[in-house]
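Let me begin by presenting the structure, written as structure tokens, before commenting on it.
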Amino acid sequence: MYFHRLLVKNSERYHFSMFHASRHISPVPASEEEVEVEVDAVNSVVNQLCLVTILLDRVVLTSTGVLSGCWQVISGTDSVTIRSKLRNALPRAPEKQLYADAPAILHTSLARILLVVAIKGSC
């Protein structure tokens, strides 16, 4: 017997990844001092940007069961510019970023459909 379960994300914690100074796939070790320098660099970039207003453009169900919200920038600094500025400000960051091939994309995982398999004879 198979059944599906929907894992819904907490709507107060929706986010999208803009840029990674380090990732689990390609970690960048950093001392406390190096982290402070990175924080200062990010703050410097943020202080140059205009507030971004986004609108939920569409909701897509991917082949892996992720329900994604796709955002459209209505006003403010676009994601391509933000990511480029962060790349320049964080030279030690992983070269390959998650959105390197599509820097304009902003999306949020809203929920995930899980396939749960019930084992015969289990409760």
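The values are calculated or read from the model by the stated rules, or taken from the named source; none is laboratory data. Since the structure is predicted, the reported quantities are computational estimates derived from the model, not experimental observations. Using ideal geometry, Cβ is built from the backbone for each residue, glycine included, and neighbour counts are taken over all protein chains shown.
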Quick one: how many residues across the stretch 27-65 are in contact with a strand residue (DSSP E or B) (Cβ under 9 Å, 6 or more places away or on another chain) and of a type in the set (D, E, K, R)? 2
Those residues that are at pLDDT below 90 and of a type in the set (A, V, I, L, M, F, W, C), I need them from the stretch 19-32; list them, please. Ile25
Determine whether Ser63 is at pLDDT below 95, crowded, with 17+ Cβ neighbours inside 10 Å and hydroxyl-bearing (Ser, Thr, Tyr). no
Among the residues of the stretch 45-59, is there at least one that is more than 21 Å from Leu86 (Cβ to Cβ), among the β-branched types (Val, Ile, Thr), surrounded by 12 or more Cβ atoms within 10 Å (Cβ to Cβ) and touching a residue at least 24 places away in the same chain (Cβ under 8 Å)? yes
